[in-house]
Structure formats: structure tokens, C-alpha cells
Amino acid sequence: MTANVLFAGRPDAWPTYEPLLKAELARLGVDADLRNDFAPAEVDYIVYAPSGPVSDFLPFTRLKAILSMWAGVEKIVPVAPADVPLTRMVDSGLEQGMTEWVVGHTLRYHLGMDAHIQGQNGAWEPKAPPLAKDRHVTVLGLGALGTASAKALAALGFRVTGWSRTQKDIEGVACLAGTDGLQAALAQAEIVILLLPDTPATENTLNAETLAMLPKGAKIINPGRGPLIDDAALLAALDSGQAGHATLDVFRVEPLPPEHPYWAHPNVTVTPHIASETRESTAAEVIAENIRRFEAGEPLLHLVDRSLGY
């Protein structure tokens, strides 16, 4: 039987995704009809983004699965039918892009690059940075993106600690878990990277109390989710010198309003949610594979646990 697949991402993404998805479905031998204009009652699968045209799932009475185009599903879980499987986007392009961004900004802090880029003042100050083996870096969140980033940093020789809700085992990374583990992970973090999901349990992971656990002058990198940080507490920590600098890619409100104090703060670097993007070619592979799996009665990849929110 033909599987009817509705593309419900951003309309401007359809011309790119249509040929890629059709080719990948054909390559996998999936009998599918892919469109962006199905009648809801005829749809088996929705390739979905919250920025797309679908906001009400009730008319989709024969829906088999919702295949998110986004890594984060916090905006989808509250509105998606509880009895319909929901998958999140985990693809090689997303992982590589995030890893490159995280490694780049970690090296920027580690090597003290800002002092030379901004300090062209004629002062000759030959102070070399420590080697990576003498630099402690902590990654909060050891999902697909956090694990990939932690492994890459460990491969460069950094002393990497990873923290997650449940205990993980990653070669080259000192893995901690739970409340006590978080305190230990932060206590040695000269550079801390946030790659946790956005859930009620992770909101304000960095707050006044946890920021005080960091070594004085620690650098903060957040390509994860805006609500992971208590903004007022971070600004206070930056003003006091408890935090040395923050590079922030994600925010509670996006685009970040022009009047937000992050823009003008001398110890904050704002990047406009560019740490990583879903790459259409690799995303199409994941989406098509999940349709093949469901049609074949096999487990879906990257199935969301709704009790955890990711």
C-alpha cells in the first residue's frame, strides 16, 4: 500500500526537500506519495516543523507518525497527539555542524584569541596558552550533539567532563550524572558548554547557585537552548567577574531584541542561532529511513520519550 507523506515544513523548504525525499524514498524501496497539499484524513506521515503550515493534528485521523525536522521538540510535544509516535531530527550533518561550532568557540577561549584579534595596540605580550591537556572543559548534556562535541574535544586532548541526567559511558570523557555529579562537573569547568534539551527539568540549569560553583572567570558557551540559562543571574556573574565571558547562540526570545543587555555587554558574544542547522540531504535520509522502518514494522529511530520531553 502506498504511504501518503505530507511535507509540513516551511513552504520555502519544499522545493529543496521534495527531490531529496523522493529520491531517498525510492532508493529505500518505499512506495510513497510525497506532497505538500494532502487532505488531512489521507495522511500517513507528517514531515513536520513548527514553522510550517500544520498547527492542529486532530484532522489527521490515520496518522502513523510525526517526523520532526528539528532536533528540539519542546514546541511539538505539547500539541502532538499522545498516541502517535514522534521522532526528533538527529542526523550526521547536524552533528558535524554543531561539533565544528563548539570546537571553534572552545579553541577561541582556550587560545585567548580575542585578546589578539581585538588588542592590536602595539603591546608585545608573548604569553602562550596552556596545552589542551591542562584545560578542563565540561559538556552539559550527552545526547547525540553533546556526545559528538565531547568526543571531538577529547580527541584534541582537552580534559573533558560530561554531565547528563543518567549515567553515560563515553571513551575519553569523564562522565558524571545526577545532582552531585553536576556540582562536580561545574567545579572544574574552565569552559562549560550547554547542550541539554529544553525541558522543565533543565530550565535555568545555569543559575545564581550553579554559576557560583564554576571556577572564577569560567567561560560559557550555549548552543543548546535559551531557557537553560537564567539571564539575570548570568549578567550578574559576568559583571562580578565570576563568569569571564559567554558566547550565546540561543535565547528565550528569538530574534534577540535589540534592547537586550546581551548585545551591549562587553563580555558577551551573541551569535544568531547558527551553531548548527539541519542539512537537507542528511535529514532526508533520516526521514525516509524512519518511514521505511515503520512500514516494515521495525523500531523508529530517535523516538521521543514524551515523559522526558526529548
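The values are calculated or read from the model by the stated rules, or taken from the named source; none is laboratory data. Small disclaimer: the values here were computed from a predicted structure and weren't measured. No Cβ is skipped: glycine too gets one built from the backbone with ideal geometry, and neighbour counts run over all protein chains shown.
Hey, can you tell me all the residues within the stretch 190-213 that are among the charged types (D, E, K, R) and part of a loop (DSSP other than H, G, I, E, B)?
Glu190, Asp198, Glu203
Test Leu182 against the stated conditions and say whether it is assigned to a helix (DSSP H, G or I), at negative phi, in contact (Cβ under 8 Å) with a residue 12 or more places away in the chain and in the same structural domain as Arg108 (by TED's automatic domain parsing).
yes
I'm trying to understand the selection: among the residues of the stretch 43-82, which are within 21 Å of Glu289 (Cα to Cα) and either touching a Cys at 6+ places or on another chain (Cβ under 8 Å) or acidic (Asp, Glu) (or both)?
The one that is within 21 Å of Glu289 (Cα to Cα) and either touching a Cys at 6+ places or on another chain (Cβ under 8 Å) or acidic (Asp, Glu) (or both): Asp44.
Just a yes or no: is a residue in the stretch 234-249 part of a loop (DSSP other than H, G, I, E, B), under 16 Å from the mean Cα position of the chain (by Cα) and either in the same structural domain as Asp31 (by TED's automatic domain parsing) or not hydroxyl-bearing (Ser, Thr, Tyr) (or both)?
yes
Hey, Pro85 hits all of (1) within 30 Å of Ala150 (Cα to Cα); (2) touching a strand residue (DSSP E or B) at 6+ places or on another chain (Cβ under 7 Å); (3) surrounded by 21 or more Cβ atoms within 10 Å (Cβ to Cβ) but one; which does it fall short on?
Here Pro85 meets the rest and fails (3).
Find all pairs meeting these conditions: Cβ atoms under 6 angstrom apart; at least six residues apart or on different chains; first residue within the stretch 192-213 and farther than 18 Å from Asp249 by Cβ; second residue surrounded by fewer than 22 Cβ atoms within 10 Å (Cβ to Cβ) and of a type in the set (Asp, Glu).
Asn207/Asp230
Rundown of residues vs (1) of a type in the set (Asp, Glu); (2) over 21 Å from Asp249 (Cα atoms); (3) touching a residue at least 24 places away in the same chain (Cβ under 8 Å); (4) not assigned by TED's automatic domain parsing to the domain that holds Leu195, yes/no style:
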position	(1), (2), (3), (4)
Glu24	yes, yes, yes, yes
Gly29	no, yes, yes, yes
Ala39	no, yes, no, yes
Asp44	yes, yes, yes, yes
Val47	no, yes, yes, yes
Asp56	yes, yes, no, yes
Trp70	no, no, yes, yes
Pro78	no, yes, no, yes
Asp83	yes, yes, no, yes
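Right, Arg135: farther than 19 Å from Gln96 by Cα and either at pLDDT 95 or above or over 18 Å from the mean Cα position of the chain (by Cα) (or both) or not?
Yes; evaluated as a whole, the condition is true for this residue.
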